[in-house]
4 protein chains.
Amino acid sequence: MKAPAPVAVVGASGYSGEELVRLLLAHRHAELVAVTSRQYAGQTLAQVFPRFASDPRAQKLRFSEPNAELLARAAHVVFLALPHGVAAEYALPLLRHGCVVIDLSADFRLRNAAVYKEFYGQDHPAPELLGKAVYGLPEVYREALRGASLVAAPGCYPTGILLPLIPLLRAGLIRPDAIIADALSGVTGAGRKAEPDYLFAECNESLRPYSIPKHRHLSEIEQELSLAAGRAVVIQFTPHLVPVNRGILTTLYLAPAVPFKDAAGASAFANQIADCYRAAYAGEPFVRLLEGKALPDTKNVVGTNFIELAWRLDPRTGRLLVMSAQDNLIKGASGQAIQCFNLVCGLAETAGLL
Amino acid sequence: MKAPAPVAVVGASGYSGEELVRLLLAHRHAELVAVTSRQYAGQTLAQVFPRFASDPRAQKLRFSEPNAELLARAAHVVFLALPHGVAAEYALPLLRHGCVVIDLSADFRLRNAAVYKEFYGQDHPAPELLGKAVYGLPEVYREALRGASLVAAPGCYPTGILLPLIPLLRAGLIRPDAIIADALSGVTGAGRKAEPDYLFAECNESLRPYSIPKHRHLSEIEQELSLAAGRAVVIQFTPHLVPVNRGILTTLYLAPAVPFKDAAGASAFANQIADCYRAAYAGEPFVRLLEGKALPDTKNVVGTNFIELAWRLDPRTGRLLVMSAQDNLIKGASGQAIQCFNLVCGLAETAGLL
Amino acid sequence: MKAPAPVAVVGASGYSGEELVRLLLAHRHAELVAVTSRQYAGQTLAQVFPRFASDPRAQKLRFSEPNAELLARAAHVVFLALPHGVAAEYALPLLRHGCVVIDLSADFRLRNAAVYKEFYGQDHPAPELLGKAVYGLPEVYREALRGASLVAAPGCYPTGILLPLIPLLRAGLIRPDAIIADALSGVTGAGRKAEPDYLFAECNESLRPYSIPKHRHLSEIEQELSLAAGRAVVIQFTPHLVPVNRGILTTLYLAPAVPFKDAAGASAFANQIADCYRAAYAGEPFVRLLEGKALPDTKNVVGTNFIELAWRLDPRTGRLLVMSAQDNLIKGASGQAIQCFNLVCGLAETAGLL
Amino acid sequence: MKAPAPVAVVGASGYSGEELVRLLLAHRHAELVAVTSRQYAGQTLAQVFPRFASDPRAQKLRFSEPNAELLARAAHVVFLALPHGVAAEYALPLLRHGCVVIDLSADFRLRNAAVYKEFYGQDHPAPELLGKAVYGLPEVYREALRGASLVAAPGCYPTGILLPLIPLLRAGLIRPDAIIADALSGVTGAGRKAEPDYLFAECNESLRPYSIPKHRHLSEIEQELSLAAGRAVVIQFTPHLVPVNRGILTTLYLAPAVPFKDAAGASAFANQIADCYRAAYAGEPFVRLLEGKALPDTKNVVGTNFIELAWRLDPRTGRLLVMSAQDNLIKGASGQAIQCFNLVCGLAETAGLL
C-alpha cells in the first residue's frame, strides 16, 4: 500500500468543507495535514466540529490562516472549499508550487471567461487556467481526471441534471431544445450563511422556488450539455428550497428526438432508453439505476456518494421523465471531489466512499 | 342577520374533515349540528380532537354513525369528507331529502362516468348525478355555485393548477398541448392513513416523486382545462411528497401560443399575461397576485384560504413559468368547500374565511 | 360597540411583533395605526410580511422610525416588541404622553433593579417604573391589569411554568424548595436572529440544552413563585432547543408538601391537586385542564392562546408531575399581551383570541 | 486476519434490524449470511432496503422465514431484532444449537422474571435463561461480554441514563433516591409501526410526553442502577417524543450525596465529579466527555456509536445536572449490539464502528 497522500482543505468551515474533512479523515489513502479558516484559525478541528472530537487527529489538527506556500510545502493535494472568485486566487500559487488543486467553487467549471462574467458578475480572476481545468464529473471525464492537476468539482444541481441527460444527448435520443429541469434542494445547499432566509423558522414548513429563471449553475449545466449534444443547448431550470438538511431531487421533462406514434413506437423508444442507461451506467460504482416500480427518494442516498436514477415514458404526453436523487454535499460536492481525488492519485475510484 | 345554517360533516375524522370542523365552528353563519365517523361514534368532538376541547360545542357534540335520514332532518347543508366511491352513496339519499351536499371526494368532479372508471378503477356509483354537480372552484363557477344543490369541491392539486391556467387558456395566450405541472405536497395530502410510507421517519428528510405519470387528479384537471381551452387538453403532471405538514407548491412550465421573437415581443407578451391575470384575479378575495421580486412560499398561505400566484417570462427559453402556493387542506380542500358553502347559501363569499 | 382603540406596535419586525400585528389586524376592538421598525421604515406591512399582503390595511400601513411623540399622538395603547434594555427607553416618554404601554420585553417584569442587573448584565434603564408595572399574567393579576398603564407581558418559558405552579404553591400543596422545570422550546423562541445556531441545518435533526443552569427567565419565574409561596423560591430550570417552529412543552417535577405514605394518602393528595386546579382554572378561558389519559401536546395549542395542563402522581417515587403545552408566540408572548390589552381596555378578555 | 464470523439477523425489517444490516455489511469481520422477516420472505435485501441496493451482497441475500435450525447451521452469531416475548422463543433453540445470541429485545435484560411480568404484562417465556444473559453495556460489563453466549443489548433510553449514572452511584457521589431522568427521543424509537400516532403530520410540529410515569425501560434502568448503588434504586423517568428521526437527549437531575455548603464545597464536589468521569470514561472509545462550554447535541452523534456527556453543578440549587446525547438506533441499539459482538468474538471493540 502506498503511503497516504498528504492533503489540505482550504476553507474548511462551511458545510462542504466539513464534509470533506469527514471523508478525508475516514480515507485510508489520504492524510489530512492542514485545514484553513480565517474565522477559526488557532482552534482545533475537535473544537470547531464536535462530531470529530473523539478522533485524536482532530484533537491535534488546528485551523490555520490560508498560506499558499506553507500549504504547498505540507500537502500534495489541496481542496478549495471557498466562495467563487476567492478560490481562483488561491489556486494559482498552489499550482505554481506543484500542488494538485481540487476546487469545489465555480471558478474553474466554465471554459469561457465571458460566460463566467455573465453568470457570476465579475471578471474571471485567472482566465489563463480555464483551459487547464478538468470538470470533475468522473462518469464523464474519468480519463482526463487521471493525472489532472486542476479539477473543478461540479455544482450540486449540475450533478443531478448532467448524469441523467448526457447519455441521452450523446445518443441523440432526446431533443436538446426542450429540456426542463425542476429541482428540490435541502437547506445545506445554501451554505452555512447566517442569513434570515435560512433560519429554521423560515425554512421549516416552507416550500419555495428561488433564483428563477436564471440560476448560476445554468452556465456549467448548459456548457456540458452542449458538449454532449454537439450543439448549443439552453434549458429551463427551476430550483426550489425545501425543508430537509440534505438531498437534491431532480425531475427532468424531456421530449424524444423522434416522437413515437403508437404503443410499438413507445416500446421501442423505451428499449433504447433502457439500453442507453445500461450502457452508460451499469458499470458505474455510484450511479444506481432503479428498476421496477422504484422511484428515487433522497433518503436512500443521503450520507452516501450514490445517485439514484429512474425514468418513465408517458404514453399520454409522449414525454420522457427522468428523476434523480443525490446527497447535495456528497455526490453533489465533497464525495464527488474525493472520487476525483482518487482518480487523480491513481487510487481505486471508490476508496473512502463505500 | 339570518339564522345560521344547520350543517353536518360526514366523515369528520380525517384531516379535511377536521379542518372543516374547525372552520365551521368559527363560522358565524353555520351551526354544526352533526358530525359522523364510524370509528369515533359515541365520542365527543372534544375527545377526538383535543384542539377543540375548550369549545363548549365540541364538548357536547358527539360523533354519530352516518345516517342519511337523520342527517337530512338535522342539517340543511351536509359536507361529505369521505373516500371516493363511498361519498356518492351518501349523496343520493341526502339530496333526495332536500339537503345541499358539498362533497370533498372525487365522486362528482367528473362529467364523464367513463373517465371516472378509467382513473378510479370502478364504475361510478351514481352517474345520474354527474350532470347535476357543480365543480366547486368559485373563481370559475361562481354563478353556478349560487343555489347549487350538489357541489364537487376540487382536489388539492387541481386548485393549484387550474387557477393559474384557466385564464391563460381562455385568453388563448398559451399552447394547450405543452403544459407541464410539477407539484410539491405536504404529507397531510395523503390523509390520516396509518401506512408505513407516511410515518414520520419515512417522510422526514425525504424527497420523492410518486404516482407518475398518471395521478388520479389528472382526470379533473384535464376536464377543466379542456373546457377553458375549448379543446381536449392533456398535460404532464408530477406530484412530489415533501416533509411539511401542509402546503402545495406548483410550478407550471408553459409555452406562449405565439412564440415571441425578440425583447419587444417578450415585453408585449408579458403585458398580456399581466393584464390577463389582473382581469381575472385583481378582484378575487382569495387569489393573491405577487408583485415585484416576490415568489410564492407556502408559509405565507398555510392556515389561510389564499392562493399565491407569480409568473416569470424566461427570455432564454421563451417559456412562461407560473408558480402557485396554497394550503392543501384549506384552499385545496375545506376552505374552498366553505367558500362554496357561502355562495350556495347567499352569504358573503369570505364569511368565516378571513 | 365602542370605537376600536388606536394601537401601535414598536419593533414589529420580529416574530412576536409579527404575531402581534396578526392578532391586532383580526381584533375588532383594536385599530392598528402605527408599526415601527428601523430596518423596514418606509415599507408597507404587506411588503414586509407577505402573509398579510391581501389585507388592504397592510397595503396602506407603512413601517416608520419609532418616535414616541408621534406614536403617542396616534395611539392610545403601544405594544413594545423590542429587546430588553431598549424597551424601557421607549416606555418612559410614551407613558409621559399618556399612552398605555404593553411591553413584551423583560424590562418591567422584575420588581427589583438589582435582580435585573444580576440577570441582564446592565443597570436598569428606568428603575422608577418598576413599581408601576403590572406583570401581565391575567390568570394571576387580572384585577391589577384592569386599568393598568404599564404592563410587563411575561416571557414564554415563565408562562408555562408559573401557571401550573402558582395555584399549588398558594395552596401549600408542594414543597417550594424542590421544583424542577424541564422545558422544550421551538426555534421562534430565539427570535428572528440571523445567527448560525438558528440556521435550519443546525436546528433540524438536533436536540440540545442551552443556557444552563442560569437562564435569564429564572429571575421573573422565581420572583412570581416567591410571591405565590410567601417565601423565597429558587428552582431548577433547563431549557432545550428542539426542531419545531412553535410551542413550549414544560415538564415539572414536584414534591408534595407532605409526603404521602400509602395508596390512601396518594389518593387524598390527588384529590387535593384536582380540586386546586379546578378551583384555579375551571373558569379560565385559556387554561385547558386535560382529563383522563390525555397528555399535553404542543400541536393541540399551536396557533391559539390556550395552555394545556395535565398532571400525574407517581406512586413509585412520591412525586407529582405537571406538564404544560403552549404556543410560545401566543400564550407565551403576543396572545397574552392581547389578553392584557383586553383587560386594560375593559373589553371581553377573550376578544380577538378565540 | 481471522475469517469473518458468519452472522444472521432475525427480524431485520424494523429500524434496528435495518441499522444492524447496515453495520454488518460494513463490518470486515462479519459476514451476513441470513436475514429473516416473515413480511419480506423471498425478497432480496436490495429490494426491501433501496439504500443497500448497490451492494452486490444485498442483491443476492434474500429474506427467509426464521428457522432456528437452518440459522444455526449457517450462522455462528445470531442477532434478534424482534418484539419482546417473541425473541425469547427464538433464543432457546439457537442457543441449544450452539449459536451465540445477541438479543435487542427486552427479553433477557432483566434478572428477575417477576419484574418482567410486572413491566411487560406476560410471563417470561424462558426464565431459565435469565441468569445466563449478560447485559450488553460494554462500558459496564466488558469482561463478562467476552465469551458470552447470550447478550441482552440494552434499550435506547437505558443507555443514555445508565452511562452517566453508574460511575456516580458506584463512587457514592449522588443520592440514589433522588434521581430524575428527562429524555427526548426521535421517532424511530417507536419502531416502524404503522400507527396514527407516528404519522408524519402527527409528529412534525409536535412535542409530547408519553408513557408516564411508568415506562417499561424503568425495569432495566432500575435493575442496573441498583446494582451500581448496592441498594434498591427507584427513579423518575419521563420520555418525550420530538420530531427528529434519530437521537435521544437525556437530562438528569441529581442530588450530591453530601450537600455542599459553600463555594469551596461546590468546587471540591466538582473535582470529584470530574475525576469520577475521567476515571470511568477517559479511555472509553465511544464515550465523549465534553469540555468547556460544550453541551451535548444529538446532531453531533447521530450516525455514530458515540455518546456525548456533559455535566454542570448548579450553585443556586445545589444540584448536579448531567446530560447525554446518543443515536437511539446505534449506541442505543444496533451499534451497541455490534460493540458486544466484537467483544464476544474477541475482535477490536471498535471494529466496524469508527
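The values are calculated or read from the model by the stated rules, or taken from the named source; none is laboratory data. Since the structure is predicted, the reported quantities are computational estimates derived from the model, not experimental observations. Here the Cβ is made from the backbone with ideal geometry for all residues, glycine too, and neighbour counts use every protein chain on show.
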**Message:** Restricting to segment C:172-203, and then to whatever is assigned to a loop (DSSP other than H, G, I, E, B) and more than 25 Å from residue D:316 (Cβ to Cβ), can you tell me which residue is farthest from the other protein chains (Cβ to nearest Cβ)?
**Reply:** C:191
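Tell me the residue from B:197, B:177 that is modelled with pLDDT of 95 or more, surrounded by fewer than 23 Cβ atoms within 10 Å (Cβ to Cβ), acidic (Asp, Glu) and touching a helix residue (DSSP H, G or I) at 6+ places or on another chain (Cβ under 8 Å), please.
B:197
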**Message:** Pull out all pairs, ordered by first then second residue, where Cβ-Cβ is under 9 Å, the residues are six or more apart or on different chains, the first lies in segment D:215-235 and is without any contact (Cβ under 8 Å) to a residue 40 or more places away in the chain, and the second is small (Gly, Ala, Ser) and assigned to a helix (DSSP H, G or I).
**Reply:** D:232/D:226
**Prompt:** Looking at segment C:265-300, which of its residues are surrounded by fewer than 20 Cβ atoms within 10 Å (Cβ to Cβ), aliphatic (A, V, I, L, M) and more than 16 Å from residue C:326 (Cβ to Cβ)?
**Reply:** C:266, C:268, C:270, C:274, C:279, C:282
**Request:** Would you please list the contacts, defined by Cβ atoms under 6 Å and residues six or more apart or on different chains, that run from a residue in segment A:144-167 that is outside any helix (DSSP H, G or I) to a residue that is polar (S, T, N, Q)?
**Result:** A:153/A:336
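Being aliphatic (A, V, I, L, M) and more than 10 Å from chain A (Cβ to nearest Cβ) is the filter; apply it to segment B:301-310 and report the residue that is surrounded by the most Cβ atoms within 10 Å (Cβ to Cβ).
Here is the first cut: in segment B:301-310, the ones aliphatic (A, V, I, L, M) are B:301-302, B:307, B:309-310.
So of that shortlist, the ones also more than 10 Å from chain A (Cβ to nearest Cβ) come out as B:301, B:307, B:309.
Values: B:301: 27, B:307: 29, B:309: 23.
The residue in question is B:307.
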**Prompt:** Only one of (1) among the basic types (Lys, Arg); (2) part of a loop (DSSP other than H, G, I, E, B); (3) without any contact (Cβ under 8 Å) to a residue 40 or more places away in the chain; (4) in contact with a helix residue (DSSP H, G or I) (Cβ under 9 Å, 6 or more places away or on another chain) fails for residue A:109. Which number is that?
**Reply:** (3)
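In segment D:287-300, which residues are assigned to a loop (DSSP other than H, G, I, E, B) and more than 8 Å from every other protein chain (Cβ to nearest Cβ)? Walk me through how you get there before you give the answer.
Taking segment D:287-300 as the starting set, the residues that turn out to be assigned to a loop (DSSP other than H, G, I, E, B) are D:290-297.
Passing the criteria: D:291, D:292, D:293.
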**Message:** Report every pair of residues separated by at least 6 positions or lying on different chains whose Cβ atoms are under 7 Å apart, first residue within segment B:241-256 and at the interface with chain A (Cβ under 9 Å from one of its Cβ atoms) and in a strand (DSSP E or B), second acidic (Asp, Glu) and crowded, with 24+ Cβ neighbours inside 10 Å.
**Reply:** B:251/A:182; B:251/B:182
**Message:** Can you go through C:87, C:41 and tell me which one is more than 20 Å from residue C:149 (Cα to Cα) and touching an Asp or Glu at 6+ places or on another chain (Cβ under 6 Å)?
**Reply:** C:41
**Request:** State all residues of segment B:1-16 that are farther than 18 Å from residue B:94 by Cα and either part of a loop (DSSP other than H, G, I, E, B) or more than 14 Å from chain C (Cβ to nearest Cβ) (or both); if no residue qualifies, say none.
**Result:** B:1, B:2, B:3, B:4, B:13, B:14, B:16
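On the basis of being in contact with a Leu (Cβ under 7 Å, 6 or more places away or on another chain), facing another protein chain (nearest Cβ under 10 Å) and over 25 Å from residue D:17 (Cα atoms), does residue D:313 make the cut? Talk me through it step by step, then tell me what you get.
Details: in contact with a Leu (Cβ under 7 Å, 6 or more places away or on another chain): yes; facing another protein chain (nearest Cβ under 10 Å): yes; over 25 Å from residue D:17 (Cα atoms): yes.
So residue D:313 fits the description; yes.
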**Prompt:** In the set C:348, C:337, which member is farther than 13 Å from residue C:287 by Cα, of a type outside the set (S, T, N, Q) and either surrounded by fewer than 23 Cβ atoms within 10 Å (Cβ to Cβ) or within 14 Å of chain D (Cβ to nearest Cβ) (or both)?
**Reply:** C:348
**Request:** Just give me the residues in segment B:212-234 being surrounded by fewer than 21 Cβ atoms within 10 Å (Cβ to Cβ), in contact with a strand residue (DSSP E or B) (Cβ under 6 Å, 6 or more places away or on another chain) and facing chain A (nearest Cβ under 10 Å), in sequence order.
**Result:** B:212, B:213
**Request:** Using the structure shown, decide if residue A:68 is touching a helix residue (DSSP H, G or I) at 6+ places or on another chain (Cβ under 9 Å) and farther than 30 Å from residue A:217 by Cβ.
**Result:** no
**Request:** State all residues of segment B:204-231 that are in a helix (DSSP H, G or I) and in contact with a Leu (Cβ under 8 Å, 6 or more places away or on another chain); if no residue qualifies, say none.
**Result:** B:219, B:220, B:221, B:223, B:224, B:225, B:228, B:229
**Prompt:** Would it be correct to say that residue B:159 is at pLDDT 95 or above, crowded, with 23+ Cβ neighbours inside 10 Å and more than 14 Å from every other protein chain (Cβ to nearest Cβ)?
**Reply:** yes
**Item:** Segments classed as helices (runs of 4 or more DSSP H), wholly inside segment B:30-81, with at least 1 members that are modelled with pLDDT of 95 or more and within 14 Å of chain C (Cβ to nearest Cβ)
**Value:** B:45-48, B:56-60
**Asked** Checking residue D:318 against (1) under 20 Å from residue D:155 (Cα atoms); (2) in contact (Cβ under 8 Å) with a residue 60 or more places away in the chain; (3) within 12 Å of another protein chain (Cβ to nearest Cβ), which single condition isn't satisfied?
**Response** (1)
**Item:** Search result, residues across segment B:44-66 that are free of Cβ contacts under 8 Å to residues at least 24 places away in the same chain and either exposed (fewer than 15 other Cβ atoms within 10 Å of the Cβ) or more than 30 Å from residue C:296 (Cβ to Cβ) (or both)
**Value:** B:56, B:59, B:60
